[in-house]
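The values are calculated or read from the model by the stated rules, or taken from the named source; none is laboratory data. Computed from a predicted model, the values in this text were never measured in an experiment. Heads up, the Cβs are rebuilt from the backbone with ideal geometry, glycines too, and the neighbour counts pull from every protein chain shown. We work out accessible area using only protein heavy atoms, side chains counted, and drop any ligands, DNA or RNA first. Shrake-Rupley method; radii C 1.70, N 1.55, O 1.52, S 1.80 Å.
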Protein chains: 6
Amino acid sequence: MSGIVVRNIRRADTGVIAALERLGVATAHEAQGRTGLLQPYIRPLWRGARIAGSAVTALCHPGDNWMIHVAVEVVKPGDVLVVACSSECTDGAFGALLATSIRARGAKGVVLDFGCRDANELTQMAFPVWSRAISAKGTVKASVGSVNAPVVCAGAYVVPGDVVVADDDGVVIVPRLEAPTVAKAARAREEKETGTRARLENGELGLDIYDMRKALAEKGLRYLDGPVD
Amino acid sequence: MSGIVVRNIRRADTGVIAALERLGVATAHEAQGRTGLLQPYIRPLWRGARIAGSAVTALCHPGDNWMIHVAVEVVKPGDVLVVACSSECTDGAFGALLATSIRARGAKGVVLDFGCRDANELTQMAFPVWSRAISAKGTVKASVGSVNAPVVCAGAYVVPGDVVVADDDGVVIVPRLEAPTVAKAARAREEKETGTRARLENGELGLDIYDMRKALAEKGLRYLDGPVD
Amino acid sequence: MSGIVVRNIRRADTGVIAALERLGVATAHEAQGRTGLLQPYIRPLWRGARIAGSAVTALCHPGDNWMIHVAVEVVKPGDVLVVACSSECTDGAFGALLATSIRARGAKGVVLDFGCRDANELTQMAFPVWSRAISAKGTVKASVGSVNAPVVCAGAYVVPGDVVVADDDGVVIVPRLEAPTVAKAARAREEKETGTRARLENGELGLDIYDMRKALAEKGLRYLDGPVD
Amino acid sequence: MSGIVVRNIRRADTGVIAALERLGVATAHEAQGRTGLLQPYIRPLWRGARIAGSAVTALCHPGDNWMIHVAVEVVKPGDVLVVACSSECTDGAFGALLATSIRARGAKGVVLDFGCRDANELTQMAFPVWSRAISAKGTVKASVGSVNAPVVCAGAYVVPGDVVVADDDGVVIVPRLEAPTVAKAARAREEKETGTRARLENGELGLDIYDMRKALAEKGLRYLDGPVD
Amino acid sequence: MSGIVVRNIRRADTGVIAALERLGVATAHEAQGRTGLLQPYIRPLWRGARIAGSAVTALCHPGDNWMIHVAVEVVKPGDVLVVACSSECTDGAFGALLATSIRARGAKGVVLDFGCRDANELTQMAFPVWSRAISAKGTVKASVGSVNAPVVCAGAYVVPGDVVVADDDGVVIVPRLEAPTVAKAARAREEKETGTRARLENGELGLDIYDMRKALAEKGLRYLDGPVD
Amino acid sequence: MSGIVVRNIRRADTGVIAALERLGVATAHEAQGRTGLLQPYIRPLWRGARIAGSAVTALCHPGDNWMIHVAVEVVKPGDVLVVACSSECTDGAFGALLATSIRARGAKGVVLDFGCRDANELTQMAFPVWSRAISAKGTVKASVGSVNAPVVCAGAYVVPGDVVVADDDGVVIVPRLEAPTVAKAARAREEKETGTRARLENGELGLDIYDMRKALAEKGLRYLDGPVD
């Protein structure tokens, strides 16, 4: 589906998106069976942002950011732009002008399998960006790709309208139709962890809380008093 | 030109250097036709520095920082030391003592195709360093290289006296004789961007401001209303 | 020694550990003959921590953090957990719950040849973590490794009870029996550097302080007045 | 869709598969609009193999090859097994015993986002393998993944039954429903290239055959007679 | 133990070494509990060599191969030289002259955490070399390291006299005192695999031979008939 | 100098080029003071080629091979095309059609800081190619770069007309004006090595031939009889 722009997409429920935003990447990822993560080379430009939104996707080509300009027009308030590349590229495909523009259209942030630039200014704008590099290398506007076609971005499959959750731990994609279930499972996980945390703070061991001792012995783990020389 | 130290070099005009410092890496890089960038693996030790100065170059060998000691003597106030390596090396060739010394001689900062160390102290000194790694690994003083010979540093060709511009976006080299032209073009670019930014903040689209719609259609980009399943 | 947990290990003297903590990674590394460094891909999660402690070691398998849970039980106050992996893996083997637990048992920090997750929360807890990546990718508890057996972690050989020193420059291992000697040599080095620093601040040159000019000439280094065109 | 094995899948027409096998990766990739390639770190174990077949997919976890054993049962003669991993791993998940087994079931080859081992024996067997590494590192059978669920393998999205084409240039995925169209376009491309090749062999220039001179001039390319000093 | 050369080391029994050579890397690695492998970036210069011998170790510094010259003197017929580096370096530390020399002293091959050069000539000599790169970059003879001290080479801990096994799958270290046990276990593993291979060739499934079906069901693996759309 | 094609360049003497071709990369590199090497990630597509010729340079952009088509026209018999990229890219910028064309114009081979494709066919043509990857990924013809301007290719500075020497050890650039001196020094080095080789084959040690024992002792190297436990 190259050469196509899809103007309208289905989005997830805003309440579900808000819940996933609050729960964050690690919890959402666990809650959907440890799937959907972008590779860890995708890092936030600055620490402390946490966002979730509906994915608007763009497929660009190496050294070329033309489709980002096209994507800005179809972004709706609350969306997160996800930019894939047809091969590996660290060029600075996104900077302060595009951030100004896409923020004006309501986007909450951008995830790029490219580099970004204007790092200082983007940070001062507090505009959330996740990218594979910071690079001043400019890009051209010469090759047509797609907007709102499914893409593979940093190892994850992203369908437009999927929920993108991004924070200091990275980026996870929650498929739109599974988002309500995942949000529910994530909340349950969060509650359970709260209780566990209190016990761990008191010095109880995960070995006991999670009942691991028997399984470890069955796998053959042996204890020596030591020291061993 | 190994085994040579050149004591005196030609430098660019200080007004031009000051202009490039204010304009920054991304703008200068664009203004000189998207050339001269060091590869993006060169990163600032700490965020927020922006400097420009005349390049004093050193060519060292892997695991060896001897020529940095030699270079300190020929640095003049306002210069930026650019350290290349004859093959890939992340060892910590530059730390707090060298920073103390080269700052005392007037250098504004250092760019290294090596690692740096004493990261915490260098940051507290607010001494600007761009490097490929942070590594405590010490280096020897055993092999002679060169100072103020042309070098390739992180993929860029650097002639002594070229202008080095460095900030959070990375490092760009502006050839000395082209620096006035580049500074002028960069200022023009900056002014134009100021106007564009205001329009983008108001929600105008880059598609219209840059007049891209016709070219996109000619390249075959098609719009679908969607959603597509 | 897979499948083994050693409960008790010999530890270095607490005074020696305190001295190494104050002196830091770069100085300790130099003082022991430039050995014992973990590779520089191991980075602190947040800048500014400096710790030293006795190494408790865990050997895990890719995608599996079970042995960290086992290690928590044998950690003593002041220890540093060092987690090796039997092959390369960036999965998030350590997060906020494990940090809560191991801090409750007295550990000063954790060094991982894995990724960590809950980056934001770990930073707010000010719990010191050095890792090769930040990744939300969850791990399983399925394969038995070892606790308190010698390991290779990020290129360094670590025997349980060795002193781990970690700061913004990375991580260095000081063998337990050599720790007093290294601490002494590091203090001597520190004192000498203090004197050198004052001279460098006054503009004296390393070339003269370290008496390098004769050796450089013997190696054939030649000075040209320049400029060269 | 973790924890699922789908026994039966739809496959492409065998004539179409045979055509794509003959045409090879580069031609098929161009014919479908330069999409569907696995990243170039996936390399053949030995040079000279060229295969195409229907994708049977397996999703494994790092350090674990259990799902390959499960996949062997559902492979049909002529299929190609595509093994993805839930995070990056170079362990040797596939060796001579598995090759013996899957060849006995009729598979034509295997594509792995893992390492392979028994490199010498696999080569002597002339069993076609594409992998990201050669590594003797053994794997466990502890975690359940999936067989014949859609996967992302080395950056490409693979639906079971898609056509996998693999040769010395790498691996490309042709979606099942598009395979007849792609095969047709690839044949057309091949014919055209045959004619072009003859002209190029005679010394005609691509500049003229592809009529590039006008476009180059419009983009501002200028010719100097030279030499330039 | 820097600055030390140990002339004489204990070696493993030649019969045990011969057995491990015949069995190869993957089998030996499995037989000793999946430990001792060098990282897979260490590759053979040419395919088809398989050797085993007693490790003579050298620790060099980046860009410096002096200790290889020192090591040649202490090599005994049948040994394998293992060269570690104090930080990462791909320089060509070993070429045809050193190969001529060390072969004249009886060495069976060389393993380098460096690059090698004279690739064509080394291949024609059929001298077995495993290295991390091929690079013509020359090295100096300036810094003292060690010979026959324990080293970490490409992630594995190597004590002089340990058995080095190397083939197309990579390199594994078998500790000297464990070598007889490992060789015995490896032979047992080989015999068992011969039987398994015959059954797999007949189309029997690993699922049945290894009795995996029950464990898979317990872990929750479910089968669908499919196709799934 | 972007947007420029220089039709005519100065070339080195053909006798000098022939001498450097015979001597090969490692010897030429040593003879010119260990400079001029391309980074070792540039590898030959097939083993056994050794060429030298005058550099014709092209600067392309990521994902774009247009300037290769332009360069074909200005290549003269005996030249070697050197293709640089304005940022990192592994796309397959060169394949069998371009090889057919450039061979018809007399080029001896191609060096690419890109990927190549049609690997099997290029190998069967025995056309010499050095590249950073093999990738079927196609490229566009959209952005103008330069032909016969100086470039940085894989870390080496290349001026058109410099001598490119390439073999299994990689690629080295010998500046045109220095080529006669380098060829002479390389021949001297070769003769000396022939003598050394004979002595090494007889079991003499480099320690003695190169007279290293005194320098080693002065640097503090100590011999122990061993074994050490």
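How crowded by other chains is D:193-206, given as the mean number of beta carbons from other chains within 10 Å of each beta carbon?
The mean count of partner-chain Cβ atoms within 10 Å per residue comes to 4.
Placing the label point 7 Å from Cα along the Cα-to-Cβ direction, what are the distances from D:THR194 to the equivalent spots in the other copies, shortest first, in nm to one decimal?
5.2, 5.2, 6.4, 7.2, 8.5
Can you flag which of B:LYS214/D:LYS214; B:LYS192/F:LYS141; C:LYS214/F:LYS219; B:LYS137/F:LYS184; B:LYS184/B:LYS214; B:LYS214/F:LYS141 are past 27 Å Cα-Cα?
From the list (B:LYS214/D:LYS214; B:LYS192/F:LYS141; C:LYS214/F:LYS219; B:LYS137/F:LYS184; B:LYS184/B:LYS214; B:LYS214/F:LYS141), the Cα-Cα distance tops 27 Å for B:LYS192/F:LYS141; B:LYS137/F:LYS184; B:LYS184/B:LYS214.
How do the peptides D:58-67, D:71-80 rank, highest first, by the average count of neighbouring beta carbon atoms within 10 Å per residue?
Ranking the peptides D:58-67, D:71-80 by packing returns D:58-67, D:71-80.
Solvent-accessible area of A:CYS85, probe 1.4 Å, all protein chains present, reported in Å² to the nearest ten, please.
20
Any chance you could get the radius of gyration and Dmax over the Cα atoms of segment C:1-84, in Å?
Every Cα atom of segment C:1-84 included, Rg and Dmax give 14.3, 37 Å.
Taking the Cα centre of the protein assembly as shown as origin, sum charge times position over the Cβ atoms of Lys and Arg (+1) and Asp and Glu (-1), and report the length of that vector in debye to the nearest 20.
Using only the charged Cβ atoms, the result is roughly 0 debye.
Need one number: nm distance between label points at D:ALA217 and B:ARG213, each 7 Å from Cα along Cα→Cβ, rounded to one decimal.
Result for the modelled spin labels: 3.2 nm.
Would you mind listing the distances between the A:GLY33 label point and the same position in each other copy? Use 7 Å along Cα-to-C-beta, nm, one decimal, shortest first.
Ordered by increasing distance: 2.9, 3.5, 5.5, 5.5, 6.4 nm.
Relative contact order, percent, of segment D:72-229 when contacts are C-alpha pairs under 8 Å separated by at least 6 residues?
Relative contact order, segment D:72-229: 16 percent.
Work out Dmax and Rg for segment C:89-229 from the C-alpha atoms and quote the Rg first, both in angstrom.
Radius of gyration, then largest Cα-Cα span, for segment C:89-229: 22.7, 68 Å.
What's the average, rounded to a whole number, of partner chain beta-carbon atoms within 10 Å of each residue's beta-carbon in A:36-42?
Averaged over the peptide's residues, the number is 5.
If I model a spin label at F:LYS76 and E:LEU177 as a point 7 Å from the Cα along the Cα→Cβ vector, what separation in nanometres do I get?
Reported label-point gap for F:LYS76 and E:LEU177 is 7.1 nm.
Taking only protein heavy atoms into account and a 1.4 Å probe, give the accessible area per residue of the protein assembly as shown in Å².
35
For the interface of chains E and F, what total accessible area is buried with a 1.4 Å probe, rounded to the nearest 100 Å²?
What E and F bury together is about 3400 Å².
Using Cα atoms only, what is the angle between the long axis of helix F:14-23 and the major principal axis of chain F, expressed in degrees (0 to 90) to the nearest 10?
50
Report the local net charge at C:PRO175: Lys and Arg +1, Asp and Glu -1, summed over other residues whose C-beta lies under 13 Å from its C-beta.
In short, +1.
What nm distance separates the two modelled labels at D:ALA18 and D:ALA188, each placed 7 Å from Cα along Cα→Cβ?
2.3
Among residues other than B:VAL165 whose Cβ falls under 9 Å from its Cβ, what is the net charge (Lys/Arg +1, Asp/Glu -1)?
Value of the local net charge: -1.
Would you mind checking the tilt of helix B:179-201 against the longest principal axis of the Cα atoms of chain B, expressed as 0 to 90 degrees and rounded to 10?
With both axes taken from Cα atoms, the answer is about 40 degrees.
Suppose every Lys and Arg Cβ carries +1 and every Asp and Glu Cβ carries -1, with no other charges. What dipole size does segment F:26-174 come out with about its Cα centre, to the nearest 20 debye?
180
Report the gain in length on full extension from B:LEU97 to B:ARG199: 0.36 nm times residue separation, minus Cα-Cα distance, nm rounded to one decimal.
Full extension from B:LEU97 to B:ARG199 adds 31.8 nm.
Taking every pair of alpha-carbon atoms in the protein assembly as shown, give the share separated by more than 63 Å as a whole percent.
6
With a 1.4 Å probe and every protein chain left in place, tell me how much accessible area D:THR194 has, in Å² to the nearest 10.
90
Near the amide H of C:VAL171, under 5 Å away, which other amide H atoms are found, from residues 5 or more places off or on another chain, if H is placed in the peptide plane?
C:LEU38
So what are the ³J(HN,Hα) numbers for segment F:203-211, from phi and the Karplus equation (6.51, -1.76, 1.60; θ = phi - 60°), rounded to whole Hz, Gly and Pro as x?
Karplus values, whole Hz, x for Gly and Pro: x, 5, 9, x, 3, 8, 4, 8, 6.
For label points placed 7 Å from Cα toward Cβ, what is the shortest-first list of nm distances from A:ASP211 to its copies?
In ascending order, 2.6, 7.3, 7.3, 7.6, 7.9 nm.
Please give the calculated 222 nm ellipticity per residue for chain D, where each DSSP H segment of at least 4 residues contributes -39500 (n - 2.57) and the sum is spread over every residue; nearest 500 deg cm²/dmol?
Estimated from H runs of four or more residues: -9000 deg cm²/dmol.
Could you tell me which of A:ALA188, A:LEU97, A:MET125 has its Cα farthest along the dipole of segment A:81-229 towards the positive end, charges placed at Cβ (Lys, Arg +1; Asp, Glu -1), taken about the Cα centre?
A:LEU97
If you rotate chain B onto chain C, whose Cβ in B ends up lying nearest the axis, and how many Å away is it?
Minimum Cβ distance to the axis, with residue: B:ARG47, 6.
Run the accessible area of chain A with a 1.4 Å probe and give the carbon-and-sulfur part as a rounded percent.
So the carbon and sulfur contribution to the accessible surface is 50 percent.
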